[in-house]
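Quick one: this structure, given as structure tokens, is what I'll be asking you about.
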Amino acid sequence: RYDLGEEFHLSDFVKEVNHTFAEVTQLCGDLMDFQPEGYAIDKRFPNIQYIPEDSSVRLREQSISWSREGVAQRIRLSPDITYVLPSGYKVSMVRRSVGGHWRLVGNAAEGVFCHKPCTVSGGGKSEISKSIRDAILAGPVFVADFQGDMASAEKILQRDFSDRFKNPPDVKRGRGILDERRSLGSVIKLLTPSRAYTDEYNEWLGTIPMHVRDLIFTVKRFYQSEWEGDWGRHFSVDAVNGHPGKELKYKHQKLVAQYLRVGFTGDGLWRTFTLRKDFIPSVKLQREDDISASTVLPSSDLPYLKKGEHRPSLKFATNCEYRFFQRPDDAVLRGYDKNAEADFCRQNLFASNYHPLSRREARDEVDDALQFGQYTAKLQEVFRGFLDDSNRREFMASSALPRIVDGKPTKNPRYLQNRPDVEDAKGRYLANIGTRLYRRVPLGQAVLNPVDAVLAGRRNNPANAQSGIRALAVYGPIHYQELPELFMDFVSSLTGKSPSTTGAGSEGALTKGPFNALLPVVDLNIALVSYMLTSDDCFTSAAGYIGPKYRVNHDISLLIPELWARMSARERRADYLIREEYLEKVDDFDHAGRSILAGRLGYRITSRFVLDFFGRIFTNPDSVIPEDMLKPELQGIDDYVDGVNNIVETQQRIAGHYFEDGSIDDAIPPLRALLHIMAHGEFEGKTVADPEIRSLFDCEKVRGQHWYQDRLKAKQVRDVRYLENQAAYMKTFLEKETHREEAGRLGLAKRLSKVEDELTFAMSSDYIGSLDGTIGLDCSLEQSGTAEGDKGEDGS
């Protein structure tokens, strides 16, 4: 989402878009009622309106205007309506979640599908789809000395910045801070220390007070070109007791700064940081939580994909749940988790591990005015309704009051949340229509949304000798691992201590240990083939702790989707991030005479990543993620070493199980080599660093491997057998005289003909080609298949 300021015209914002309103009428005209002025109203949701490509939107006038056949047209801009342009770009008039100021907000036509697989308990599965809005705090924009700060800001605005680089670029662009060609993000980078800048320039940046920097960012956020030379008159402060006040105003309205928590200090205090003046939380449509089903399809067979889609195969995932079993950790802070409090206002709520409040206890809660006033207004009404004389219920529950266990509140309260994407029908519809218009997908054709980003989560903890829990906080905020290191992690799925668990340890392959009816090696084979076919890069985020020093809970988990939504498809690719030094490799090292296999951690983000990408969210990104958070070993090398050893030893122990039960024989060659290395340190005399081992995981070669072709052949055999069984069953049904009428009603003869056609194709040599790029069938399943298992099975 984008802060569009007070005026917006799409051609000024996204110049390469060439969609027209005439196209919309041809493409999706059946969805809308057209108006004489030249716009349209959605038939299903009247508060969705479609406007022409030349529309100009003005906040101050609350108007939208365009030209139709040479005649100027105009409608009123309403905060209750979402306006959709022919490109699928959406514009709305929105009041800030904190601060109350209105602004024009733009929503991108297409979203980013963030998929969070193989995430351990407490790793942040739910947080990837929770809005960050509830975590945002509000406060005034502060100035220490209005006149002095304005003068300091003016001096900085007039500065020549061309001398800042150690190695100046060949072409000096000479853009000033207020130049319309320079974005707010560029200004933030300009005023943030960098290795690329000279020591003198970095020292000068250190002399700028934080509130003066914030003032400059505020001026840049609101600046308009017609202000040239006179920007100062648009900002002011009130007089308080005869002296200039400290709260900045813009056009006589008090400005509000937004802050976000990112972890805690050692004393348990919140680490809060200022958000960019143009930051708008992303709109999230929850597609998954705990249980999903997925498949992989070759992209060459799929129409109307996202522009620039480069992956040979794509993963599609769908939700298997109607309700989510949520543990709202921050709901114990009254008023913080507004979604959880709204859910606790429902009549039809299933909750466990919450304290049943009696009338007396509810009365005590209401009488504690300081605490009670922090609840949302709706939950306050629930309390009052419960205490009303007309109420006959004996107990109620509050999201802030978990059940008391052993004299203290349990850390694992749960409730069933209705799927947000089911309840928010308009949001789901808008997401679909935006993508349909942008890709020009005709009605009747499905809008395909494959996984765009794979973002697994970890649960980390510091050592706790009393509980017998070893250190597991060696990961920075974000890591990337290539397939060998990633699947070492997936095989063991090691988790730290979390409220969801009774201890730390392995949750089984792909975190499915307690739930899997298949041998783990089968799922690992399928998952690895999936990653190799799609060439998806997997990034992991940290929850719980980063090193023993920084407790972050789920604050990083909440941030990750905001970061990825603000990155281009190229920027989300690991090869680009490595090449541009946004990621650095973690290497093995020696400590106290032992080799520490820290290379298992893969790559981690650098200060450059923080500056460029966190800088799209925060005004002072370098302060959000300090160096010892990027490099947890700086917090204590002994804890770091023990944490790495904990990972390696667990991986060795878990890999040994595949040799003990014989399932190592069913592993596909890359996985078999990996399990040998995990358990024994080598495979045929080679380690994970050897090129021969790493080439086994080459995504570009997987389709040509004999073991992959065997999977496709096994799938063909299973599909043929399935179709033969179906055809035989239908024929038997049709042959029965007593079933003739029912067979006619079901159209069984036509269905049989279709199955026979499918069977003919499945038995042909072309069928294998049609399966190329899919996961096929695990050969161990085909070998162990039984007649009973074939009945009604689709082989997928």
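Set the Förster distance to 41 Å, then compute FRET efficiency between Phe761 and Asn348 from the Cβ-Cβ distance, nearest 0.05.
Efficiency computed from Cβ-Cβ geometry: 0.30.
Just to be sure I understand: of the beta bridges DSSP finds with both ends in the stretch 2-109, what percent are antiparallel, rounded to 5?
On the way: 27 of 30 bridges.
The answer is about 90 percent antiparallel.
Here's another thing I want to ask about it. Work out the charge dipole of the chain with +1 on the Cβ of Lys and Arg and -1 on the Cβ of Asp and Glu about the Cα centre, then indicate which of Leu746, Trp102, Leu314 is farthest towards its positive end.
Trp102
Note down the nm distance, to one decimal, between modelled labels 7 Å out along Cα→Cβ at Glu700 and at Glu309.
2.2
What do you get for the angle between helix 637-660 and the principal long axis of the chain? Use alpha-carbon atoms, 0 to 90 degrees, nearest ten.
20
Based on the alpha carbons, how large is the Rg to Rh ratio for the stretch 643-796 when Rh follows Kirkwood?
Details: Rg = 22.2 Å, Rh = 18.9 Å.
Dividing the radius of gyration by the Kirkwood radius yields 1.17.
P(r) for the stretch 2-109: what percent of alpha-carbon pairs falls in each 10 Å bin, starting at zero?
Histogramming the stretch 2-109 at 10 Å steps yields 14, 50, 31, 5, 0 percent.
Among bridges DSSP assigns within the chain, what percent are antiparallel (round to 5)?
For the chain, the DSSP antiparallel bridge percentage is about 90.
List the lysines whose Cα sits under 19 Å from the Cα of Lys701, skipping any in the same chain fewer than 8 residues away.
Candidates past the 8-residue exclusion: Lys315, Lys713.
Whole Å is fine, so just give me how far the alpha carbon centre of the stretch 639-683 lies from that of the stretch 586-619.
23
For the stretch 51-140, what are Rg and Dmax over the alpha carbons, in angstrom?
18.3, 61
Note down, for the stretch 338-481, the three equivalent ellipsoid semi-axes (square root of 5 times each alpha carbon gyration tensor eigenvalue), biggest first, whole angstrom.
Numbers: eigenvalues 290, 178, 30 Å².
After scaling each eigenvalue by five and taking roots: 38, 30, 12 Å.
Round to the nearest 10 and give me the degree value, 0 to 90, for the angle of helix 210-222's Cα axis relative to the longest principal axis of the chain.
80
Still on this structure, please answer the following. Given 20 Å bins starting at zero, what is the percent of C-alpha pairs of the chain in each, up to the one with the largest pair distance?
Spelled out per bin, shortest first, that is 13, 41, 36, 9, 1, 0.
From the Cα trace of the stretch 348-418, what convex hull volume per residue do you get, rounded to a whole Å³?
It is 110 Å³ per residue.
Here's something else I'd like to know. Order these by the 10 Å Cβ neighbour count, fewest first: Ile768, Ile156, Ile177.
Ile768, Ile156, Ile177
Under the 0.36 nm per residue contour assumption, what length would be gained going from the current alpha-carbon distance of Glu580 and Arg76 to full extension?
Between Glu580 and Arg76, full extension yields an extra 176.8 nm.
Cα-Cα over 31 Å: which of Lys249/Lys306; Lys249/Lys426; Lys220/Lys246; Lys189/Lys284; Lys307/Lys686?
Where the Cα-Cα span goes over 31 Å, the pairs concerned are Lys249/Lys306; Lys249/Lys426; Lys307/Lys686.
Could you please rank Phe316, Phe487, placing first whichever residue has the fewest other Cβ atoms within 10 Å of its Cβ? Could the numbers behind the result be given before it?
Working: Phe316 16, Phe487 25.
Lowest count first: Phe316, Phe487.
Among 243-254, 467-478, how do they line up from the highest to the lowest mean number of other beta-carbon atoms within 10 Å? Mind showing how you got there, number by number?
Working: 243-254: 14.6, 467-478: 22.3.
Final packing ranking: 467-478, 243-254.
Using alpha carbon centroids, what distance separates the stretch 266-292 and the stretch 103-129, in Å?
Each part's Cα centre sits 10 Å from the other's.
Restricted to Cα positions, what overall size does the stretch 705-790 have along the principal axes? Three whole-Å values, descending.
Cα spread of the stretch 705-790 along its principal axes, largest to smallest: 51, 26, 15 Å.
Can you compute the helix-only [θ] at 222 nm over the chain? Use -39500 (n - 2.57) per DSSP H run of at least 4 residues, normalise by all residues, nearest 500 deg cm²/dmol. Write down the numbers at each step before the final one.
Numbers: 28 runs with 266 residues, N = 796.
Rounded to the nearest 500, the figure is -9500 deg cm²/dmol.
Counting other beta carbons within 10 Å of each residue's own, what order do Cys538, Cys345 fall into, fewest first?
Going from sparsest to densest Cβ surroundings: Cys345, Cys538.
Pairwise over distinct Cα atoms, reciprocal of the mean inverse distance: report the Kirkwood radius of the stretch 142-254 in Å, one decimal place.
Radius from the Kirkwood sum: 15.2 Å.
Now a separate question. Note down the magnitude of the dipole of the stretch 142-254 about its Cα centre, charges +1 on Lys and Arg C-beta and -1 on Asp and Glu C-beta and zero elsewhere, to the nearest 20 debye. Kindly include the intermediate steps, with their values, before the conclusion.
Working: 19 positive and 17 negative charges, 82 e Å.
Computed about the Cα centre, the dipole is about 400 debye.
No value in this document is a laboratory result; all are computed from the given coordinates. Remember, it's a predicted structure, so these values are computed and weren't measured experimentally. So basically every Cβ, Gly included, is an ideal-geometry build from the backbone, and we count neighbours across all protein chains shown.
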